[in-house]
Amino acid sequence: MDRQQYCVPFYQRAYVWTLRDQWEPLWDDIRDKAEGRFNKGKVTPHFLGAVVLDPQPREGLVGVDVLHIIDGQQRLTTLQFVLGSVLLTLRRAGLENLMSVVTACARNGNPDTMRNPATEVFKVWPTFRDQKNFILALEAHGLEELRSRFPTSFTQVGTLKKACGQAATDQNERQVGLGFSGHQRVHTNPYQPRSFK
């Protein structure tokens with residue numbers, strides 16, 4: 001994943017994952033795997049689903065290798081937010097020596113060799129509609145900065161809103177997803193194995 005960028009083509013839908021239907025199940029899976037490793041138990045591999053990529057022609061030596069995401073953009077975009085959250089947590093805990101490992105998974109290094117450093121710095125580049133909020137979220141250096149950038153995603157006492165039960169609206173769930181909004185919603189069948197699309 002060195003010096004590559006995974007771009008969401010213009011014809012793909014905008015980011016539509018919601019807290020209840022996708023974020024919480026994904027977080028449960030991540031937490032279960034982390035707890036298994038922490039407790040030194042047997043950890044089985046986790047299959048997040050196949051990703052379909054279309055390599056794009058590269059012109060010259062400057063710039064990063066670009067791959068269009070045909071299938072998997074919701075998962076890859078969400079994983080960038082997870083990595084961003086890990087970075088915020090490491091910074092807050094004073095574990096900056098570990099940040100370079102996580103940063104290398106979310107960003108391309110050496111802007112001097114990029115054709116367009118403003119966009120090529122990110123490993124994943126979302127649809128045009130989502131780019132502003134994507135940048136605002138991933139470039140925040142702390143929770144206070146996130147609160148100021150996405151005030152409707154936080155409660156009056158400053159904690160992240162949690163949409164609960166059937167009373168939560170789709171809009172509130174997407175606001176918790178750091179400001180993204182979409183007109184579609186992905187539904188999952190609770191009687192089938194979990195599938196993140």
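The values are calculated or read from the model by the stated rules, or taken from the named source; none is laboratory data. Owing to the predicted nature of the structure, the values given are computational and were not obtained by experimental measurement. Cβ placement follows ideal geometry from the backbone for every residue including glycine, while neighbour counts extend to all protein chains displayed. Just so you know, the surface numbers come from the protein's heavy atoms only, side chains and all, with ligands and any DNA or RNA stripped out. Shrake-Rupley method; radii C 1.70, N 1.55, O 1.52, S 1.80 Å.
The table below gives the values:
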| item | result |
| --- | --- |
| Accessible surface ranking that places the most exposed of Leu61, Leu19 first, with a 1.4 angstrom probe | Leu61, Leu19 |
| Pairs beyond 28 Å (Cα-Cα), from Lys33/Lys123; Lys33/Lys161; Lys33/Lys132 | Lys33/Lys132 |
| Dipole of region 1-84, positive direction: furthest Cα of Ile70, Gly36, Val8, with charges on the beta-carbon | Gly36 |
| Region 44-60 - phi-based ³J(HN,Hα) in whole Hz, Karplus 6.51/-1.76/1.60, Gly and Pro as x | 7, x, 10, 9, 8, x, 6, 10, 10, 10, 10, x, 9, x, 10, 10, x |
| Net charge of neighbours whose Cβ lies under 14 Å from the Cβ of Arg115, counting Lys and Arg as +1 and Asp and Glu as -1 | -2 |
| Summed side-chain charge close to Phe10 - residues other than Phe10 whose Cβ falls under 15 Å, Lys, Arg +1, Asp, Glu -1 | 0 |
| Accessible surface, per residue, of region 122-164 when the full set of protein chains is kept, probe 1.4 Å, Å² | 57 Å² |
| Relative frequency of Cα-Cα separations exceeding 16 Å in region 1-119, percent | 71 percent |
| Region 89-153 and region 6-70: distance between their alpha carbon centers, rounded to Å | 16 Å |
